[in-house]
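The values are calculated or read from the model by the stated rules, or taken from the named source; none is laboratory data. Note that this is a predicted model, so its numbers are computed, not measured. Cβ: placed from backbone, ideal geometry, glycine included. Neighbour counts: every protein chain shown.
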Amino acid sequence: MQSITRLSPADHRRVPWKNGGGVTTELAVEPAADGRPDGRFVWRVSIADVVEPGPFSAFPGYDRLIAVVEGDGMRLSVDGAPPVERRRLDPAFAFPGEVPVWCEPTAGPIRDVNLMLDRASAAGMLALLAGSAAHRANVHQASGDVLLVHALAGMLTVTPEDGEALTVPAGHSLLLHDAAALVEAPAGAEGVCAEVWRR
């Protein structure tokens, strides 16, 4: 059944990293249906601050997508492969949650957004949207079992199919179930859109 829920900063939850190296802010999460006590979830969208080099926590059985949304960028060394650099608002980088990852900010602290997906039960994508003076709007047509649209700056507009346009101010999110929507980031606005499909 289609549903739309507004989420404010008051709905966010601060969660310590599994490896104790920092804290992440959960924007939204869907717990595993079986209520397992190990804290597994179907999917989670979160934002984390990285202030110094260090390892990522291991998440066996999960696929991860990560993108820098504040700061210069980061360098990721994934499972012994040559390092990969990601700058602010570059396309999301995907990697398996169980492999060792070393993260190094390239020039001071960064903030990144993460989409984590239980590989056995979900797949998804993470799109970044940024308007500019040169482009009237950056538009993303989103559809999935679950959509999580989060505004980083300015005001996003989300127009569900057969619905009225909804605005999402900076720091807030819109969670849609069983819906397709047009997500717009006008000049000066930035945001992320996570799409999740259940297997």
Exercise for the section: Quick one: count up the residues across region 23-59 that are part of a loop (DSSP other than H, G, I, E, B) and at negative phi. Expected result: 14
Problem - Within region 167-188, considering residues that are at pLDDT below 95 and not in a strand (DSSP E or B), the one nearest to His140 (Cα to Cα) - result: Ala187
Fill in the blank from the handout: Ala122 fails exactly one of (1) free of Cβ contacts under 8 Å to residues at least 40 places away in the same chain; (2) small (Gly, Ala, Ser); (3) out of contact with any Ser or Thr (no Cβ under 9 Å at 6 or more places or on another chain), namely (1)
Problem - First in region 70-94 and over 15 Å from Glu52 (Cβ atoms), second anywhere and of a type in the set (Lys, Arg) and in a loop (DSSP other than H, G, I, E, B), Cβ under 8 Å, 6 or more apart - result: Glu70/Arg88
Practice task
Check off (1) assigned to a strand (DSSP E or B); (2) free of Cβ contacts under 8 Å to residues at least 60 places away in the same chain for Gly108 and give me the number that stays unchecked.
Solution key: (1)
Practice task
Return yes when Met125 is surrounded by fewer than 19 Cβ atoms within 10 Å (Cβ to Cβ) and under 19 Å from Glu190 (Cβ atoms) and no when it is not.
Solution key: yes
Exercise for the section: Please indicate, with yes or no, whether at least one residue in region 75-96 is among the β-branched types (Val, Ile, Thr), at negative phi, crowded, with 17+ Cβ neighbours inside 10 Å and assigned to a strand (DSSP E or B). Expected result: yes
Handout entry: Which listed residue, of Ala142, Ala185, Ala151, Ala181, is buried (at least 20 other Cβ atoms within 10 Å of the Cβ), farther than 27 Å from Phe41 by Cβ and not assigned by TED's automatic domain parsing to the domain that holds Met116
Key = Ala185
Practice task
Assess whether Ser121 counts as being of a type in the set (Ser, Thr, Tyr), at pLDDT below 95 and over 20 Å from Glu30 (Cα atoms).
Solution key: no
